[in-house]
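**Student:** The structure's right below; bear with me while I get my questions together.
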Amino acid sequence: MSVSAIPQISLPFLMGNSLNAWSDALAGLTISWFPLGLVIIAAIPLVFIALYALTYGVYGERKISAFMQDRLGPMEVGKWGILQTLADILKLLQKEDIVPASADKFLFVVGPGILFVGSFLAFAVLPFSPAFIGASLNVGLFYAIGIVAIEVVGILAAGWGSNNKWSLYGAVRSVAQIVSYEIPASIALLCGAMMAGTLDMQQINLHQSGPYGFAHFYLFQSPIAWLPFLIYFIASLAETNRAPFDIPEAESELVAGYFTEYTGMKFAVIFLAEYGSMFMVSAILAIVFLGGWNSPLPNLGALALYDWTSGPVWGAFWIISKGFFFIFVQMWLRWTLPRLRVDQLMYLCWKVLTPFAFIAFVLTAIWEIYVP
Amino acid sequence: MQELEVAGQGSVRVSRKDNDVVVIEKDLTTEEMLLSMGPQHPSTHGVLKLECMTDGEVVTSAEPYLGYLHRCFEKHCEMVDYPGIVPYTDRMDYLAGMNNEWAYCIAVEKLLDIEIPRRVEFIRVIVSELNRIASHLVAIGTYAIDLGAFTPFLFCFRDREHILSLLEWASGSRMLYNYIWIGGLSFDVPADFPKRLKEFVDYFRPKAVELYRLLTENEIFVKRTKGIGIMPADVAINYGWSGPMLRGSGVQWDLRRNDPYSVYPELDFKVPVPDGKFSVVGDCLSRHLVRALEMEESLNIIEQCISKMPGSEGFDARAAVPKRVRPKAGEVYGRAENPRGELGFYIQSDGKSTKPLRCKARSSCFVNLSAMKDLSKGQLIPDLVAIIGSIDIVLGEVDR
């Protein structure tokens with residue numbers, strides 16, 4: 001399908017709500033001059049990141065790793081240790097805010113902030129549901145890829161500002177890694193954008209809607225879509241510094257990489273940013289290749305599973321579930337695989353993923369042009 | 001590539017091709033950075049300190065600094081009577097206490113020239129082979145952590161726990177046993193010990209295979225270790241390497257086989273040496289492989305010991321233990337194959353005192369570590385970590 005002719009799909013399943021109904025309504029909500037609705041729109045992803053990082057991110061990861069390693073994980077604080085992360089946060093809050101004497105104070109303080117802002121800004125274009133998106137940009141995907149790159153500045157500021165050789169190594173590695181892996185990641189996402197013919201996140205989702213559920217997802221719409229899907233998944237691991245590409249924070253080599261010197265809430269903010277971008281890349285993967293907020297269940301005759309499981313609330317459920325699934329895979333890989341070396345990482349990026357991403361790009365283009 | 005000072009051009013980086021100097025980069029000054037790795041560093045396995053000169057990620061030289069865990073072991077020995085030294089040896093290589101005690105007892109028994117009951121010898125073999133497996137499990141587990149894999153470490157510790165509880169059952173403590181005494185043992189093993197041992201062997205065999213498939217055959221693990229830190233056999237011998245390190249370089253040298261002691265001549269076991277098919281002989285992977293295969297051999301030895309061990313009827317573990325150890329004047333060198341190589345004790349007696357005149361421990365880790373400077377030249381920092389891990393040092397023994 002060509003880029004110019006984007007068919008407008010009607011949405012009978014939205015239960016009377018049109019696209020972005022909730023966020024549009026929120027945006028109009030003001031108290032005299034104060035745009036309360038806009039603040040709420042910005043607060044929703046923030047609250048979401050905090051809640052998910054607290055529950056699924058930290059507690060979930062500890063429990064999942066525990067099950068993989070024949071351990072119990074946190075068990076003491078609350079039933080099954082469910083209040084463990086809360087206790088951890090309380091502990092971190094009480095910590096003294098230490099800035100090393102020899103650190104560059106401005107960079108040291110501003111680093112985690114930039115890091116978090118970079119990760120959080122990307123949530124602006126994340127369609128949490130058919131009825132809710134922070135900012136319905138027509139270049140949403142491009143924005144999401146671009147804004148995450150701001151994190152590099154934060155990492156470099158944190159690493160350089162710490163005035164610690166290990167931090168510097170971590171920062172340099174991280175920057176090299178993130179900048180390199182953006183190329184295969186972007187090309188892989190471009191394949192999805194080509195299939196949709198748009199960069200608008202909601203439109204990409206919309207194009208994958210249909211009564212046959214998962215069959216409409218881009219992963220199953222083209223015989224080569226698995227290739228960019230896989231490339232983006234691998235590259236996203238590297239972009240979020242997750243294992244087996246966690247060399248910037250390789251604890252056995254660089255102590256803790258660029259956040260070696262951080263304590264207390266600054267440390268927590270860096271962690272929050274990491275979990276934020278983990279969900280972001282997982283959500284982008286789900287949006288571009290796995291239908292985002294679309295239900296994967298097909299309509300089977302009278303058993304209209306797709307219709308029953310579609311709607312604004314269901315949409316939020318599906319996209320968050322899909323995101324969480326990929327986060328689970330990330331955790332699974334982290335607790336299974338050893339870490340690559342820096343040069344092997346770069347080899348994988350430039351000599352394997354990038355060429356294959358180009359191949360996937362060309363093949364997708366051919367498929368989109370010649371196969372209706 | 002090398003750097004030259006060329007008049008009028010500042011520092012330039014050049015490479016030589018057919019004797020012609022080709023200037024690659026002009027006005028480039030690269031400074032080497034001094035990077036102090038340790039004594040508090042996650043992968044220096046304790047308190048080793050390496051002072052590395054680094055050019056980017058490349059380590060141009062690394063100098064190990066020791067002594068952060070020095071506890072005057074050898075001087076202490078001159079103040080304590082012979083049986084009192086046994087608990088001190090536990091604290092040397094604290095991951096293989098049984099083996100240390102045994103090496104020391106071999107030396108003193110040689111000096112005293114006493115006959116050891118057969119059952120004692122079998123029990124000694126069993127407990128030290130168990131400890132060898134436990135020690136290799138820690139070595140493999142921590143090596144996995146060094147390379148970024150966390151899960152194998154916990155699998156290793158889960159299995160090591162069973163060994164520790166077996167040894168605790170026999171000796172009463174988990175790591176610092178004081179179980180092997182001069183001339184005997186502190187206690188006989190409990191009545192059900194062989195049965196539980198058999199259960200452990202049956203339990204551990206599949207787990208060892210699982211560990212092998214999870215870690216040793218892992219593509220990334222192989223990539224990180226294959227061809228890294230290669231030590232040729234002749235250089236390894238010149239450095240005085242022993243144990244899995246030397247065998248990793250392809251030398252089939254095992255004191256249990258080459259200088260047999262105790263009942264090892266009666267036991268049938270292989271000395272695994274890498275054949276160069278799966279790994280490059282002498283690299284980190286070979287050393288890891290030797291440890292992984294040795295665990296299997298230790299299990300075989302334990303199984304044979306269970307069936308060959310004489311019964312406990314009328315057995316007194318302390319029957320041959322001398323009331324008062326006062327050897328005649330002389331000197332002796334006793335050695336045994338520890339999990340980390342040859343542990344030897346050189347003991348001098350003046351014939352009058354119940355305390356040794358001199359007790360010198362030949363530490364395998366210390367000797368193995370001496371090659372660090374050679375091995376680390378021109379490696380990347382992650383490879384340096386892989387090399388330290390493959391040497392498998394216990395700083396308690398290095399510094400003593």
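**Student:** For the range A:232-252, name all the residues that are in a helix (DSSP H, G or I) and among the hydroxyl-bearing types (Ser, Thr, Tyr).
**Tutor:** The answer is A:Tyr232, A:Ser236, A:Ser252.
**Student:** Further, regarding this structure: Can you list residue pairs whose Cβ atoms sit under 6 Å apart, with the first residue in the range B:145-167 being within 9 Å of another protein chain (Cβ to nearest Cβ) and among the basic types (Lys, Arg) and the second being outside any helix (DSSP H, G or I) and surrounded by fewer than 22 Cβ atoms within 10 Å (Cβ to Cβ)? Count only pairs 6 or more apart in sequence or on different chains.
**Tutor:** That search, which allows pairs on different chains as well, returns B:Arg158/A:Asp70.
**Student:** Still on this structure, please answer the following. Conditions: (1) more than 14 Å from every other protein chain (Cβ to nearest Cβ); (2) in contact with a Ser or Thr (Cβ under 9 Å, 6 or more places away or on another chain). B:Cys365 meets all but one. Number of the miss?
**Tutor:** Tallying (1) more than 14 Å from every other protein chain (Cβ to nearest Cβ); (2) in contact with a Ser or Thr (Cβ under 9 Å, 6 or more places away or on another chain), B:Cys365 fails exactly one: (2).
**Student:** Being touching a residue at least 40 places away in the same chain (Cβ under 8 Å), loosely packed, with under 15 Cβ neighbours inside 10 Å, more than 14 Å from chain A (Cβ to nearest Cβ) and not aliphatic (A, V, I, L, M) is the filter here; which residues of the range B:168-204 pass it?
**Tutor:** Answer for the range B:168-204, where residues must be touching a residue at least 40 places away in the same chain (Cβ under 8 Å), loosely packed, with under 15 Cβ neighbours inside 10 Å, more than 14 Å from chain A (Cβ to nearest Cβ) and not aliphatic (A, V, I, L, M): B:Phe187, B:Lys198.
**Student:** While we're looking at this one, here's another question. Looking only at the range B:168-188, which residues are assigned to a loop (DSSP other than H, G, I, E, B), small (Gly, Ala, Ser) and within 20 Å of B:Ser262 (Cα to Cα)?
**Tutor:** B:Gly183, B:Ser186, listed by residue number.
**Student:** Pick out the one residue from B:Tyr94, B:Tyr104 that is of a type in the set (Ser, Thr, Tyr), touching a helix residue (DSSP H, G or I) at 6+ places or on another chain (Cβ under 8 Å) and either modelled with pLDDT of 90 or more or closer than 18 Å to B:Glu296 by Cα (or both).
**Tutor:** Result: B:Tyr104 is the single residue among B:Tyr94, B:Tyr104 that is of a type in the set (Ser, Thr, Tyr), touching a helix residue (DSSP H, G or I) at 6+ places or on another chain (Cβ under 8 Å) and either modelled with pLDDT of 90 or more or closer than 18 Å to B:Glu296 by Cα (or both).
**Student:** Of the conditions (1) part of a helix (DSSP H, G or I); (2) surrounded by fewer than 22 Cβ atoms within 10 Å (Cβ to Cβ); (3) in contact (Cβ under 8 Å) with a residue 12 or more places away in the chain; (4) in contact with a helix residue (DSSP H, G or I) (Cβ under 7 Å, 6 or more places away or on another chain), A:Ala215 fails just one. Which one is it?
**Tutor:** (4)
**Student:** Inspect all residues belonging to the range A:93-115 and state whether any of them is within 16 Å of the chain's Cα centre (by Cα) and within 30 Å of B:Ile145 (Cα to Cα).
**Tutor:** Yes, the range A:93-115 contains a residue that is within 16 Å of the chain's Cα centre (by Cα) and within 30 Å of B:Ile145 (Cα to Cα).
**Student:** Take A:Ile82 and decide whether it is surrounded by 12 or more Cβ atoms within 10 Å (Cβ to Cβ), more than 29 Å from A:Leu168 (Cβ to Cβ), out of contact with any Ser or Thr (no Cβ under 7 Å at 6 or more places or on another chain) and within 14 Å of another protein chain (Cβ to nearest Cβ).
**Tutor:** Here the answer is no, as A:Ile82 does not meet what is asked.
**Student:** Quick one: which residue in A:Val342, A:Val313, A:Val352 is closer than 30 Å to B:Val385 by Cβ and at pLDDT below 85?
**Tutor:** Only one candidate passes the filter, namely A:Val342.
**Student:** Also, quick follow-up: Filter the range B:62-85 down to the residues that are surrounded by fewer than 23 Cβ atoms within 10 Å (Cβ to Cβ), in contact (Cβ under 8 Å) with a residue 24 or more places away in the chain and assigned to a helix (DSSP H, G or I) and list them by number.
**Tutor:** B:Phe73, B:Glu74, B:Pro83
**Student:** Considering only the range B:173-208, how many residues are at positive phi and within 24 Å of the chain's Cα centre (by Cα)?
**Tutor:** 1
**Student:** Something else: If B:Asn100 satisfies all but one of (1) touching a residue at least 40 places away in the same chain (Cβ under 8 Å); (2) surrounded by 24 or more Cβ atoms within 10 Å (Cβ to Cβ); (3) closer than 30 Å to A:Ser65 by Cβ, what's the number of the condition it fails?
**Tutor:** Here B:Asn100 meets the rest and fails (3).
**Student:** Please indicate, with yes or no, whether at least one residue in the range A:222-231 is under 25 Å from B:Ala149 (Cα atoms), assigned to a helix (DSSP H, G or I) and not charged (D, E, K, R).
**Tutor:** Yes: the range A:222-231 contains one or more residues that are under 25 Å from B:Ala149 (Cα atoms), assigned to a helix (DSSP H, G or I) and not charged (D, E, K, R).
**Student:** Okay, moving on. List the pairs whose first member sits in the range B:30-44 and is farther than 18 Å from B:Gly148 by Cα and facing chain A (nearest Cβ under 9 Å), whose second member is surrounded by fewer than 17 Cβ atoms within 10 Å (Cβ to Cβ) and of a type in the set (A, V, I, L, M), and whose Cβ atoms are under 7 Å apart, counting only residues at least 6 apart or on separate chains?
**Tutor:** Close Cβ pairs (under 7 Å, with a partner that is surrounded by fewer than 17 Cβ atoms within 10 Å (Cβ to Cβ) and of a type in the set (A, V, I, L, M)) amount to B:Leu34/B:Met53.
**Student:** Being out of contact with any Phe, Trp or Tyr (no Cβ under 8 Å at 6 or more places or on another chain) and farther than 19 Å from A:Ala53 by Cα is the requirement here; does A:Ala101 meet it?
**Tutor:** When the stated conditions are applied, A:Ala101 passes them.
**Student:** Only residues that are of a type outside the set (S, T, N, Q), more than 14 Å from every other protein chain (Cβ to nearest Cβ) and touching a residue at least 60 places away in the same chain (Cβ under 8 Å): list them for the range A:221-260, please.
**Tutor:** A:Pro223, A:Ile224, A:Ala225, A:Leu227, A:Pro228, A:Phe229, A:Ile231, A:Phe233, A:Ala235, A:Glu239, A:Tyr258, A:Phe259
**Student:** On to the next question. Can you confirm whether the range B:245-266 contains a residue that is farther than 29 Å from B:Gly344 by Cβ and surrounded by 20 or more Cβ atoms within 10 Å (Cβ to Cβ)?
**Tutor:** No - not one qualifying residue is present in the range B:245-266.
**Student:** For A:Ile133, are the conditions met, namely being closer than 23 Å to A:Ala42 by Cα, buried (at least 24 other Cβ atoms within 10 Å of the Cβ), touching a Pro at 6+ places or on another chain (Cβ under 9 Å) and among the β-branched types (Val, Ile, Thr)?
**Tutor:** Taking the combined requirement at face value, the residue satisfies it.
**Student:** Another one. Which of the residues spanning the range B:373-388 are touching a helix residue (DSSP H, G or I) at 6+ places or on another chain (Cβ under 9 Å), assigned to a helix (DSSP H, G or I) and more than 8 Å from every other protein chain (Cβ to nearest Cβ)?
**Tutor:** Across the range B:373-388, the qualifying residues are B:Asp374, B:Leu375, B:Ser376, B:Leu384, B:Ala386, B:Ile387, B:Ile388.
Residue-wise test of (1) crowded, with 18+ Cβ neighbours inside 10 Å; (2) within 29 Å of A:Gly213 (Cβ to Cβ); (3) away from chain B (no Cβ under 14 Å).
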| position | (1), (2), (3) |
| --- | --- |
| A:Ser310 | yes, yes, yes |
| A:Ile320 | yes, yes, yes |
| A:Gly323 | yes, yes, yes |
| A:Phe328 | no, yes, yes |
| A:Met331 | yes, yes, no |
| A:Met346 | no, no, no |
| A:Cys349 | yes, no, yes |
| A:Leu363 | no, yes, yes |
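The values are calculated or read from the model by the stated rules, or taken from the named source; none is laboratory data. Owing to the predicted nature of the structure, the values given are computational and were not obtained by experimental measurement. Here Cβ is always computed from backbone atoms with ideal geometry, including for glycine, and neighbour counts include all displayed protein chains.
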